């Protein structure tokens, strides 16, 4: 066995390669953990720190690493992620580790159990380094809405990392973990993956159990992986996918064998190009990077075919009725009695206690979405807003079904622009519009993936979005692997 070079901490290796080296004895899990902890500490000392982590479980990670190294020394196999240090978005419940959804109302809450996806990672040998920042309760597109402040983009620290899973994306991109989990309600894995130059996969709705994910919009939320390579997101999805008796919406289907599809190539693939996703408003530099990715697919034998998704134009409006309505219901539990930190005077009335608990505990964006959703669900407005939005949702899903009669996969930009400057969105609607190319995927329950495909002239990453049929993540990783190899992008920020 060849020992790792002393100046090589292994932190830029893919998660799959880290696991291979740990199991082979070429590197220890403890060395990997110590390397990442040193990098996190160095970033925390930086005056312009990324702010990717909210909580680092250094002692727990070291203890877990030592246990894995001991298991390997005994000849045991800890699993396919043996010794890989991972980060978790702070809406994912973790036993013994604080989980706050980046909100003051859950400050200090330590769950007594692991969510299903987290438990499956641990069972596969992964080591949880800590919890990453996100927009509060996963409501945002920039990671500027966390109670603890914004996260910065590793490629340009004056810019946003995207949201709401921006902390996870930034941690992966900056070499502060081997891989990460995020959640995607309207693009919250794919958009930050694009902005930070990493790979992000939103599985089919129901492919991964939502048990242990703090709910934003229950019919839209989905847990998925973020990593530096397509192989890594395929590996992590295989591990966390599968039916779960704790989640009635989880699909009773075998976990997908995604790694077997990685080297299928693009020959014979029909790639649909939705005209609505290439309309005016997409930045020319983003469009150029996407076109280069499409050229890679064509050169590899794929055929590109124009398609139309006519009801896409209504996705933004439908989403911002449905998601806030579900948030209004889900977040009603945080009242200072059953859940959430209690605010106000102990002698105040019950109504005053509710007002103080929710008024002090929730941030401005969460309050805005609760109010929007409550309005849409009011008697006399339900049919005009929520019911109508659900009808539009059905039309959007039907458009995708028809498109997939003719093509194997859809390709498009992830977002109209690359990462914008911190504080640049002057109005909430400006930020909502940034989701225009990712929302329809969630409304239809489809799998979606972002793979790095190039850079703007200013050096900001751009991702190619791939959308597939329900439960067909295999075609997404197959096409993404072709783009990944053809683009040959350097994943390390300067």
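Readers should treat all values here as calculations from the given coordinates under stated rules, not as data from a laboratory. Worth saying up front: this structure is predicted, and the values here are computed from it rather than measured. Cβ coordinates were reconstructed from backbone atoms using ideal geometry, including for glycine residues, and neighbour counts include every protein chain displayed.
Would you mind getting me the FRET efficiency between residue 24 and residue 74? Use the beta-carbon distance for r and R0 = 22 Å, nearest 0.05.
After rounding to 0.05, the efficiency reads 0.90.
Which percent, nearest 5, of DSSP beta bridges in the range 15-261 are antiparallel? Could the numbers behind the result be given before it?
Numbers: 12 of 20 bridges.
So the antiparallel bridges in the range 15-261 amount to around 60 percent.
How big is the antiparallel share of DSSP beta bridges in the range 66-188, given as a percent to the nearest 5? Working shown, then result.
On the way: 1 of 9 bridges.
In the range 66-188, approximately 10 percent of DSSP beta bridges are antiparallel ones.
Order by neighbour count: 72, 189, 370, fewest other Cβ atoms within 10 Å first, most last.
Ordered by Cβ neighbours within 10 Å, fewest first: 72, 370, 189.
Evaluate Rg over Rh across the chain, taking Cα atoms for both radii and Kirkwood's formula for Rh.
On the Cα set of the chain, Rg over Rh gives 0.96.
Please give the contour-minus-distance gain from residue 107 to residue 255: 0.36 nm per residue of separation, less the Cα-Cα distance, rounded to one decimal in nm.
49.8 nm
Order 383-389, 145-151 from most to least packed using the mean count of other Cβ atoms within 10 Å.
Most protected by this proxy first, the peptides run 145-151, 383-389.
Between residue 218 and residue 338, how high is the FRET efficiency from 1/(1 + (r/R0)^6) when r is the Cβ-Cβ distance and R₀ = 30 Å? Nearest 0.05.
Here the calculated transfer efficiency is 0.95.
How do 311, 427 line up, fewest other C-beta atoms within 10 Å first?
Ordered by Cβ neighbours within 10 Å, fewest first: 427, 311.
Taking Rh as the Kirkwood radius computed over C-alpha pairs, what is the Stokes-Einstein D of the range 317-383 at 37 °C in a medium of viscosity 0.692 mPa s, expressed in µm² per second?
Rounded, D is 261 µm²/s.
What does the helix-only formula give at 222 nm for the chain: each DSSP H stretch with n ≥ 4 adding -39500 (n - 2.57), the total divided by the residues, and the result rounded to the nearest 500 deg cm²/dmol?
That comes out to -11000 deg cm²/dmol.
The range 124-271: D in µm²/s via Stokes-Einstein (Kirkwood Rh, Cα pairs, 37 °C, 0.692 mPa s)?
Translational diffusion coefficient: 210 µm²/s.
Compute the distance from the alpha-carbon center of the range 43-78 to that of the range 420-470, in whole Å.
Computed from Cα coordinates, the inter-centre distance equals 31 Å.
Taking the convex hull of the alpha carbon atoms in the range 15-261, what volume per residue do you get, in Å³?
Dividing the Cα hull volume of the range 15-261 by its residue count gives 113 Å³.
By counting other Cβ atoms within 10 Å of each Cβ, how are 9, 299 ranked from fewest to most? The partial results should precede the final answer.
Values: 9 18, 299 11.
Listing 9, 299 from fewest to most nearby Cβ atoms yields 299, 9.
Out of all DSSP beta bridges in the chain, what portion is antiparallel? Express it as a percent rounded to 5.
Values: 27 of 43 bridges.
DSSP beta bridges in the chain are roughly 65 percent antiparallel.
Within 10 Å, count the other beta carbons around each residue, average over each peptide in 329-335, 444-450, and list them highest first.
Numbers: 329-335: 17.9, 444-450: 27.6.
Ranking the peptides 329-335, 444-450 by packing returns 444-450, 329-335.
Can you tell me what the convex hull of the Cα atoms of the range 201-321 projects to on average, as an area in nm²?
The number I arrive at for the range 201-321 is 9.7 nm².
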